[in-house]
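Trainee: Mind looking over this structure? Questions follow.
The values are calculated or read from the model by the stated rules, or taken from the named source; none is laboratory data. The structure presented is a predicted model; accordingly, all values stated were derived computationally and were not measured. Every residue, glycine as well, gets a Cβ built from its backbone with ideal geometry; the counts of neighbours run over all protein chains shown.
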């Protein structure tokens, strides 16, 4: 067992809102945010879930350094600033040598890559931006957050596909436990709603084609689910050792008590049909926390709205947690923000613990026949949630589960 760490701050920039409070309120309303996307016009899938910030509006919020940042890095900076502010910390006053930044991503600055490749092909080498490499390398969101906050401790950028955000949180917990830092700013970001990435996921058969009603397209665990909706966003948590948070009188939103990480070693994109890897991640997280399966009150499911993924996850929940804890799946509202989703959903799980409220799964009346899980539908459910787990599963067979408990 690893000692629990305190979650003292969180920041969210999502299609549901540009801060944590607005995102939470929108997720609790349970209405999908997907709309037609002009950047995808003419493609077989032409809708997505975008953060409601134009490039100019995002640049104004970020400030002077925005000119050099890709969109995914800028989203990460905004989320990190909110998380640090929410934790009651002042980067001008802390010891930056003892602050770690762990910010993951899946695809990174895909829009920059596509734009600059087009320039090279159409207009020649002289018109390729000198910022291309600093913007597209996958660690740069973590680097920009470190620069913005003056954080000079360990700086890492996990890339475990759609589990990247959860991996970042788990790695940050380990940095605190090993004494390599006193504060960890951890999460993930993604801004990869581009023609190429969207087409690639479409060709892989992963995306919903419900173009006639985009807001209803993402429908985790529904009988007529047909794939996920591309999204962007960022989520960041501030983690501290419990005793350090208490010593400075910090408000503790929740506690991260266990982490489990495994690999399927099965297929590049398909989940293992027996679900052994995902089950091992869940059981490992619970064992790390000193908890039994029956202690779990709530599951924040990965719930992508894909036929195979949702069926496998529902079977996992029913098998390991047969007492039927409540289940939600935020991607019904937010779409799938790829590498960012694990961090975004970890933050939402913290809010569920704190508020005693489970958001509903958007576009779901009842789980599909054969999926024996207790999905919250239609409206938020008031519930005394003391222990929750958040699932994240990614291409490559990456499985990460975080176990969290209520602060009180």
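Trainee: Here is a list of conditions, (1) out of contact with any helix residue (DSSP H, G or I) (no Cβ under 8 Å at 6 or more places or on another chain); (2) within 18 Å of residue 335 (Cβ to Cβ); (3) buried (at least 18 other Cβ atoms within 10 Å of the Cβ), and residue 87 meets all of them except one; can you say which number that is?
Mentor: With (1) out of contact with any helix residue (DSSP H, G or I) (no Cβ under 8 Å at 6 or more places or on another chain); (2) within 18 Å of residue 335 (Cβ to Cβ); (3) buried (at least 18 other Cβ atoms within 10 Å of the Cβ) applied to residue 87, the lone miss is (2).
Trainee: Restricting to region 42-60, and then to whatever is in contact (Cβ under 8 Å) with a residue 24 or more places away in the chain and either part of a helix (DSSP H, G or I) or within 18 Å of the chain's Cα centre (by Cα) (or both), can you tell me which residue is farthest from residue 235 (Cα to Cα)?
Mentor: 48
Trainee: Being over 17 Å from residue 115 (Cβ atoms) and touching a helix residue (DSSP H, G or I) at 6+ places or on another chain (Cβ under 7 Å) is the filter here, so list the residues in region 67-80 that pass it.
Mentor: Listed by number, the residues that qualify are 76, 77, 78, 80.
Trainee: Further, regarding this structure: Just wondering, is there one or more residues in region 368-390 that are part of a loop (DSSP other than H, G, I, E, B), closer than 22 Å to residue 8 by Cα and either assigned by TED's automatic domain parsing to the domain that holds residue 220 or modelled with pLDDT under 95 (or both)?
Mentor: No, region 368-390 contains no residue that is part of a loop (DSSP other than H, G, I, E, B), closer than 22 Å to residue 8 by Cα and either assigned by TED's automatic domain parsing to the domain that holds residue 220 or modelled with pLDDT under 95 (or both).
Trainee: Is it the case, given these coordinates, that residue 2 is in contact with a helix residue (DSSP H, G or I) (Cβ under 7 Å, 6 or more places away or on another chain), crowded, with 24+ Cβ neighbours inside 10 Å and not in a helix (DSSP H, G or I)? First the steps, then the outcome.
Mentor: Numbers: in contact with a helix residue (DSSP H, G or I) (Cβ under 7 Å, 6 or more places away or on another chain): yes; crowded, with 24+ Cβ neighbours inside 10 Å: no; not in a helix (DSSP H, G or I): yes.
So residue 2 does not fit the description; no.
Trainee: Given (1) crowded, with 16+ Cβ neighbours inside 10 Å; (2) assigned to a helix (DSSP H, G or I), identify the lone condition not met by residue 39.
Mentor: (1) is the only condition that residue 39 fails.
Trainee: A further question follows. How many of the residues in region 90-99 are free of Cβ contacts under 8 Å to residues at least 12 places away in the same chain and in contact with a helix residue (DSSP H, G or I) (Cβ under 9 Å, 6 or more places away or on another chain)?
Mentor: Here the count works out to 1.
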